[in-house]
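Report on the structure given below.
The values are calculated or read from the model by the stated rules, or taken from the named source; none is laboratory data. This is a predicted model, so every value here is computed, not measured. With ideal geometry, Cβ positions are generated from the backbone for all residues, glycine too; neighbour counts draw on all protein chains shown. These accessible areas exclude ligands, DNA and RNA; they are computed on the full protein's heavy atoms, side chains included. Shrake-Rupley method; radii C 1.70, N 1.55, O 1.52, S 1.80 Å.
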Amino acid sequence: MIRRPPRSTPKPSSAASDVYKRQAPINSEIQNAYISFAKMDCSVVAITTDVKIDGENIVGYGFHSNGRYAVSELLTKRFIPRIKEAEEKDLLNDEGNNFSPEKIWKVLMKNEKPGGHGERSTAVGVIDMAVWDIVSKIEQAPLYEHLAKKYGNGKFTNKIFVYAAGGYYYPGKDIQLLQDEMKGYLDLGYTTVKMKIGGASLKEDLKRIESVLKIVGNGKNLCVDANGRFDLNTAIEYAKAIEPYNLKWFEEAGDPLDYKLNQELSKIYKNGLATGENLFSMQDARNLIRYGGMRKDIDWLQFDCSLSYGLVEYLRTLQMMKENEWSSTRVIPHGGHQISCNIAAGLNLGGNEIYPSLFQPFGGFPDTSIVEDSYVSFSKFIGTVSYTHLRAHET
């Protein structure tokens with residue numbers, strides 16, 4: 001097991017790590033404008049330590065967001081072995097009383113060249129999530145509180161803005177079923193929802209948008225997401241057509257690395273744009289801010305820590321934003337998982353995406369959480385991942 005010395009002076013050892021991984025299928029026929037989720041899957045890891053609370057070893061859980069495939073081979077061949085081979089001095093904080101996510105990140109990235117982020121960033125993000133889960137449990141404090149005190153301004157909350165993401169294309173799903181889905185989100189306490197566009201004709205998508213607006217009542221309660229489908233001309237055509245609806249945001253109109261497209265779109269579209277979920281490093285996020293035409297007052301950034309090397313890298317991204325005079329409140333992460341809820345609550349983000357009816361058990365809130373008017377209040381829970389949801393992946 002990963003060993004932690006007593007709270008006295010640590011004595012490094014070469015103890016092996018117990019790191020388990022699983023590959024969980026999504027098995028859903030839902031589609032966005034680009035992909036089907038029918039054959040997609042997700043990597044899950046569980047890291048066992050020899051630290052015990054109430055007689056049980058602390059286990060940290062990690063997984064990555066939907067929309068990417070499992071990274072089993074990367075975990076098996078590169079990243080898990082590096083943890084197992086590391087000395088304890090390279091895993092523990094300087095005080096020796098907890099693990100150090102920053103040191104572990106360096107262990108994971110040993111012998112990795114800059115750039116070429118790809119799926120590597122997801123594999124590191126999965127392990128990083130499990131490490132922060134452990135840190136929170138050893139501290140016996142909510143991660144958002146720990147983050148606020150160590151990395152933020154000391155202020156935190158247990159109430160954050162959330163929106164319900166859905167509105168996928170699905171075989172046989174007509175307008176009525178789309179409306180029923182959105183009504184279900186409102187019944188759960190959400191007032192802001194998101195739906196997919198770009199997987200049908202513009203004419204059909206406008207009908208779908210108008211049908212959802214009849215349910216949510218106001219354009220500011222609706223976001224639309226093209227998942228990077230459009231070229232510039234199509235993105236502009238859609239922008240002109242939807243602008244009168246005054247939607248909360250128009251998300252990922254074009255390829256996530258096509259900063260020029262985003263820049264041109266921002267010149268003609270008066271309402272909010274959103275992007276960033278498929279940018280997997282601080283450097284890519286910085287390029288978006290430098291060259292993507294994003295507007296500090298109305299646009300939204302959606303960087304997802306589980307896909308972009310984890311929270312250690314995310315802290316660098318937030319620092320970069322600060323240096324470029326961007327407010328952290330303009331960030332609403334993609335992914336729908338509890339670590340992003342903790343980041344939002346502890347580091348003053350604008351909220352978090354949630355999938356109320358999709359991709360479970362990899363997301364959501366602690367079971368006692370309550371959603372009202374698209375704000376979730378959660379009790380003072382320890383850790384970042386629901387133990388009851390993921391216990392099956394421990395061994």
Matching residues, segment 311-333, being open to solvent by 10 Å² or more (accessible area, probe 1.4 Å) and part of a loop (DSSP other than H, G, I, E, B)
Asn324, Glu325, Trp326, Ser327
Give all pairs with beta carbons closer than 8 Å in which a residue from segment 270-289 that is part of a helix (DSSP H, G or I) meets a residue that is open to solvent by less than 20 Å² (accessible area, probe 1.4 Å) and of a type in the set (Phe, Trp, Tyr); count only pairs at least 6 apart in sequence or on separate chains.
Ala285/Phe303; Ile289/Trp326
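Inspect all residues belonging to segment 244-254 and state whether any of them is over 25 Å from Ser36 (Cα atoms), open to solvent by less than 20 Å² (accessible area, probe 1.4 Å) and without any contact (Cβ under 8 Å) to a residue 60 or more places away in the chain.
Let us first name the residues in segment 244-254 that are over 25 Å from Ser36 (Cα atoms), namely 244-248.
Going one step further and asking which of them are open to solvent by less than 20 Å² (accessible area, probe 1.4 Å), we end up with 247.
Then keep just the ones that are without any contact (Cβ under 8 Å) to a residue 60 or more places away in the chain; that gives 247.
Yes, that holds for at least one residue.
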Would you mind stating whether Leu261 is farther than 23 Å from Arg120 by Cα, part of a helix (DSSP H, G or I), at pLDDT 95 or above and not aromatic (Phe, Trp, Tyr)?
yes
Hey, Val107 under 21 Å from the mean Cα position of the chain (by Cα), open to solvent by less than 60 Å² (accessible area, probe 1.4 Å) and of a type in the set (Val, Ile, Thr) or not
no
Residues that are aromatic (Phe, Trp, Tyr) and touching a Lys or Arg at 6+ places or on another chain (Cβ under 7 Å): does segment 296-303 have at least one?
yes
When you go through (1) over 27 Å from Gln31 (Cβ atoms); (2) in contact with a Leu (Cβ under 7 Å, 6 or more places away or on another chain); (3) crowded, with 22+ Cβ neighbours inside 10 Å; (4) not β-branched (Val, Ile, Thr) one by one for Tyr238, which number turns out not to apply?
(1)
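Working only within segment 24-43, note down all residues that are of a type in the set (S, T, N, Q), in contact with an Asp or Glu (Cβ under 9 Å, 6 or more places away or on another chain) and either open to solvent by 60 Å² or more (accessible area, probe 1.4 Å) or in a loop (DSSP other than H, G, I, E, B) (or both). Steps first, answer last, please.
Here is the first cut: in segment 24-43, the ones of a type in the set (S, T, N, Q) are 27-28, 31-32, 36, 43.
Imposing the further condition that a residue be in contact with an Asp or Glu (Cβ under 9 Å, 6 or more places away or on another chain) reduces the set to 27, 32, 36.
Within segment 24-43, Asn27, Asn32 meet the criteria.
Report whether or not Ser369 is of a type in the set (Gly, Ala, Ser) and in contact (Cβ under 8 Å) with a residue 12 or more places away in the chain.
Details: of a type in the set (Gly, Ala, Ser): yes; in contact (Cβ under 8 Å) with a residue 12 or more places away in the chain: no.
No: the conditions fail for Ser369.
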Looking at Lys89 and the list (1) in contact with a Lys or Arg (Cβ under 8 Å, 6 or more places away or on another chain); (2) over 19 Å from Ser306 (Cα atoms); (3) of a type in the set (D, E, K, R), which single condition is not satisfied?
(1)
Report, ordered by the first and then the second residue, all pairs with beta carbons closer than 6 Å, sequence separation of six or more or different chains, a first member in segment 92-119 that is closer than 24 Å to Ile339 by Cα, and a second member that is open to solvent by 60 Å² or more (accessible area, probe 1.4 Å).
Asn97/Arg7
Answer residue from segment 291-305, given it is in contact (Cβ under 8 Å) with a residue 24 or more places away in the chain and either assigned to a helix (DSSP H, G or I) or open to solvent by 10 Å² or more (accessible area, probe 1.4 Å) (or both) and is nearest to Gly167 (Cα to Cα) among those
Trp300
Please go through segment 164-184 and pick out each residue that is more than 15 Å from Leu213 (Cβ to Cβ), within 23 Å of the chain's Cα centre (by Cα) and not small (Gly, Ala, Ser).
Tyr168, Tyr169
Tell me whether segment 273-281 contains one or more residues that are more than 29 Å from Leu186 (Cβ to Cβ), in contact with a His (Cβ under 8 Å, 6 or more places away or on another chain) and open to solvent by 10 Å² or more (accessible area, probe 1.4 Å).
yes
